[in-house]
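FYI, it's all coordinate maths here, none of it is from the lab. Keep in mind that this is a model prediction, so the values were computed, not measured. Counting neighbours? That spans all protein chains shown, and the Cβs are built from the backbone with ideal geometry, glycine included.
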Amino acid sequence: MIKRLIIMLVACGLLFGGIFAYKAVGNHFMNQFFDNMPAPTVTVTATTVSTHPWREQQTTIGSFAAINDTQLTTEASGIVNNILFDNATSVKKGQLLVTLDASVDEAELRRLESVAELAQLELRRYQRLFKDKNVSESELKRKESEAKQAIAAVDSQKARIEQKALTAPFDGIIGIREVSLGQLIAPGTAVATLTSVTPIHLNFTLPEQQLSTLRNGQTVSATISAQPDEVFTGTVTAISPVVTPSSRSVDIQATFDNPDTILRSGMFARVSLDQGEETQNVLLAPQSAIQFNPYGNAVFVIQEQDDALTVQQRFVQTGARRGDMIVIKDGLQPGDRIVTSGLLKLRNGSNIKISDNERVQPSEDLDPNVVNQ
């Protein structure tokens, strides 16, 4: 019985030992097979780094604002009997825009003018009587006062009639009217908005650290989403004398000529200011080619080895960014070829194949315009 049990234990040991040995040998040969397999070729895109003209710029965002922008309102009450402008058209300073019914006021003016004329005649008569010593000086003074009061009443009535007419206070573009013919309006009723946008202001802020590079007359470039392919140029015309405590920034105002009135009040703009007079040549690379890591930024440099293309990781020192490009301060030389896409599949020594797909290549435009479609 004991002998049979020993034989069974030995048989089980041999069986399990054989199974483990078989698996160990299989895993060894499998690992050896995969280790000896050639690394797969990775398809990537590439570019050759080169030097480009570069001028230091400060970029920010801003908003256009009209030099003059006001809501036109009436000074008097009355019924609208004339609207003399079209919506969204240019008007000149002093141009008549709206009139209110002034028939009652004009009738009152004629009555007051008659009273004033009569007062003048009475005054001249008293002046002759005073000269002949037929009236006292106090009576003459009373008639002079009555004549002045009558003239003042006429002037006051004329001013009241003038308030029935609304004129443009400055040249500009008038908005959409908010009153209708025959409407009875009260003093202060909004009629339309008048905006002067030729020229136009651009308001933006910059950090206080940039104060030393700012000056009046400095060139400012701006782009807007409504005209993404056009760059508008203006000049700095005002720099705030104080720094905003909460943001540590400075308010800046630039002026643009805007002869075609393309720029409108309230428009959002992307703003850039040149920070130096001289243009230098710097080495640029696409940002998509950079592996940004806490321990250092790196690129994959393409090398030829045994009639094949391989990559070698190289650490670089980067600088300012603009558009899709970034300045390379150290680590690359002009003419080096680097990988621009497919970086996640690469390691040192990886074999690569370069694709000619231009659609995935980053733009070399340093001032691209992003358009929402």
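The residues neighbouring T205, those whose beta-carbon lies less than 13 Å from its own, together hold a net charge of -1 under the Lys/Arg +1, Asp/Glu -1 convention.
In the frame of its principal axes, the stretch 96-202 has Cα extents of 72, 35, 17 Å, reported largest first.
The C-alpha atoms of the stretch 238-286 occupy a region whose extents along the principal axes are 39, 37, 23 Å, arranged from largest to smallest.
Within the stretch 144-222, the proportion of Cα pairs with more than 19 Å between them is 67 percent.
Straight-line reach only, C-alpha to C-alpha below 27 angstrom: list the lysines that K345 could link to, leaving out same-chain residues fewer than 8 apart. Once the sequence-local lysines are set aside, what remains near K345 is K329, K353. The calculated FRET efficiency for the pair Q227 and Q127, based on their C-beta separation and a Förster distance of 51 Å, comes to about 0.10.
Looking at the stretch 46-149, how many pairs of lysines come closer than 16 Å at the Cα, when each pair is eight or more places apart or spans two chains? Could the numbers behind the result be given before it?
On the way: K131/K141; K131/K143; K133/K141; K133/K143.
Close lysine pairs under the 16 Å cut-off: 4.
Applying both filters, DSSP loop and at most 15 other Cβ atoms within 10 Å, to the chymotrypsin sites (Phe, Trp or Tyr not before Pro) of the stretch 263-354 gives F292, Y295. Dimensions of the stretch 102-163 from C-alpha coordinates, computed as largest minus smallest value along each principal axis and given longest first, are 46, 14, 10 Å. The H on the amide N of V44, modeled in the peptide plane, is under 5 Å from the matching H of K353, I354, S355, each at least 5 residues off or on a different chain. Across all C-alpha atoms in the stretch 201-334, the radius of gyration and Dmax reach 20.4, 66 Å. Ranked for footprinting exposure by Cβ neighbours inside 10 Å, fewest first, I67, I326 give I67, I326.
Shown is the FRET efficiency for Q287 and S240, computed with R0 = 30 Å from the Cβ-Cβ distance and rounded to the nearest 0.05: 0.35.
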